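Where a number appears in this text, it was derived from the coordinates with a stated rule and is not lab data. On a predicted model such as this, the values are computed, not experimentally measured, just so you know. For neighbour counting, all protein chains shown are included, and Cβ atoms are generated from backbone atoms with ideal geometry for every residue, glycine included.
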């Protein structure tokens, strides 16, 4: 019975997290549509936002596409004013792509929507509920870190 109860709890956790993720994604959908980016363009935008300026080859590797296809992706971001290309000062043959201020603002807006939605949801919880939820999520984050170290 212990195993079944744990399995049921685990499934409830999975279902709850998935439901929350879907709700947060719906809120971000309109911002995604306003950005008018393809998935590879959005992935590139967020890669540059997280990791800073990158070589075209690194972007291609992260996207799993050829450098020539990456050039097309980056061209679109440059045309929209979201990214810029630079020459590597150490090797002029190497092209580095980085976000413009407009690109950073676009990425920030995307993430801010989720943050605002979570704050709004937190406003509907009692202090004790919020405390318990925060502790549970902190434990879940710790477990995720431990699991990634073990892999």
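The listed peptides 58-64, 139-145, 44-50, ordered by packing as a protection proxy, come out as 44-50, 58-64, 139-145 (highest mean of other Cβ atoms within 10 Å first). Cβ crowding within 10 Å ranks 56, 120 as 120, 56, fewest other Cβ atoms first. Treating r as the C-beta distance of residue 9 and residue 140 and R0 as 22 Å, the FRET efficiency rounds to 0.95.
Using only helices, what value at 222 nm comes out for the chain when you add -39,500 (n - 2.57) per DSSP H run of length 4 or more and divide by the total residues, to the nearest 500 deg cm²/dmol? Each step should come with its number before you reach the end.
Values: 6 runs with 114 residues, N = 151.
Result for the chain, helices only: -26000 deg cm²/dmol.
What's the whole-number percent of alpha carbon pairs in the chain lying beyond 22 angstrom?
Numbers: 6493 of 11325 pairs.
Considering the chain, 57 percent of its Cα-Cα pairs are separated by more than 22 Å.
The share of C-alpha pairs in region 37-99 whose separation exceeds 19 Å stands at 18 percent. Shape class for region 1-90, computed from the alpha carbon gyration tensor (a ≥ b ≥ c): prolate, with a/c not under 1.5 and a/b above b/c.
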